[in-house]
């Protein structure tokens, strides 16, 4: 027991070394040194669900993982990405931990991580953020009958964090003292069950303001045994979303954290090219709009959402074939990583790539796994490409022009979708 306790103390000390208290001034890195590349992932173990973390780097490097809860490192692992530059980490092989956070130190600054949460009838995927923002926003919640919505707030730092929530529903601004000054203890995560606090709400949008420290927030929606997770992100005025074909009940949700009205415009990329301002509208302060994408086109397509104020668009699939949610991308890039992107056992998976630039592109597509090969394909200007994926730890996509990439997978009645991670090599 003394030896196990010593290991736990050492693991906790290592966690503190990776992510210091953000409220205590600290000296900059020594000359010739760099801050470690990190990612923070939501973890769900138990109740029929298990989590796998995908790490992509394209380099054979070391990965350090620490599961944190209640101020402690409740499980640790050191591994490497190997010759493929990628690895999959089943969290259940490390510890039985329930709902916690995971802190990863990655091989290099261009590495990424993503989380895959699977259950008997559910599958969800999302990228793991590398940094916490002071203000984030998450639309797409619902607490109507049969739907359960919660948010998890993760604090991997050594200091206490305090956040306040501004919650807006179809009834307007919601008031509850439990939304004010939520304390997230050091190296811990805290969940808020909105069905308990605000039952019967059809649309919920949550603004997260950090008053002290830093937190990373993720939403989770459960519907009849199916589940989806998606990150709270910083709102912007320009977003891109590739849309897969063949997925019924596809919806675009657009929400704003602004307290005043925001005008928005949806441009559509379809088989005939770009159609600007296909849909326009006005969001009330804190409001949310919903667009049925199936009514526009059932084929592979994409949208661009532009606005005169901050918004966040969220893509959702909600059908008998599964539930999936992911956030659009506010940027284009020449290089993308898609952690976890893969075909599913007994199902399928696909990549969806949007080229919204004025130039045609040639994309290089590489599955990260042992013995992989590279495919090169053209993507014309203002067009969208969808292609089937193989079994892999994830995918690397490089392009001669800026693009946007996401992936989707389905097996049985379970569907998952996730936006890729843009890589900045500069």
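Values quoted throughout were computed directly from the atomic coordinates according to the rules given, and no laboratory measurement underlies them. These numbers come from a predicted model, not from an experiment. Note that each Cβ is placed from the backbone with ideal geometry, even for glycine, and that neighbours are counted across all protein chains shown.
Brief remarks follow.
- Shape call, the stretch 298-417: gyration tensor on alpha carbons, a/c limit 1.5: oblate
- For the stretch 239-307, the Rg and Dmax computed from alpha carbons only, in angstrom: 12.4, 37
- Among 36-42, 305-311, the order from most to least packed when residues are scored by Cβ within 10 Å on average: 36-42, 305-311
- For the stretch 326-351, no residue has its backbone nitrogen under 14 Å from a point 7 Å from the Cα of residue 120, taken along Cα to Cβ.
- Spacing of the two label points (7 Å from each Cα toward its C-beta) at residue 306 and residue 191, in nm: 4.2
- Residue 295/residue 375 FRET efficiency (R0 45 Å; Cβ-Cβ; nearest 0.05): 0.85
- Compared with the direct C-alpha span, the chain from residue 259 to residue 360 gains 32.4 nm at full extension, assuming 0.36 nm per residue.
- Correct option for Cα extents along the principal axes in Å [calculated from the coordinates] among [x] 67, 55, 46; [y] 121, 69, 39; [z] 92, 55, 40: [x]
- In a fully extended conformation the segment linking residue 234 and residue 388 would gain 52.4 nm over its present Cα-Cα distance, using 0.36 nm per residue.
- Directionally averaged shadow of the stretch 281-340, computed from the convex hull of its alpha-carbon atoms, nm²: 6.2
- Percent breakdown of C-alpha pair distances by 5 Å bin, ordered from the shortest bin, for the stretch 135-231: 3, 14, 25, 25, 17, 11, 4, 1
- Once the Cα-Cα distance is subtracted from the 0.36 nm per residue extended length, the residue 181 to residue 135 segment shows a gain of 15.1 nm.
- Nitroxide proxy distance, nm - points 7 Å out along Cα→Cβ at residue 145 and residue 93: 4.5
- Prolate/oblate/rounded call for the stretch 209-252, Cα gyration tensor, a/c under 1.5 rounded: oblate
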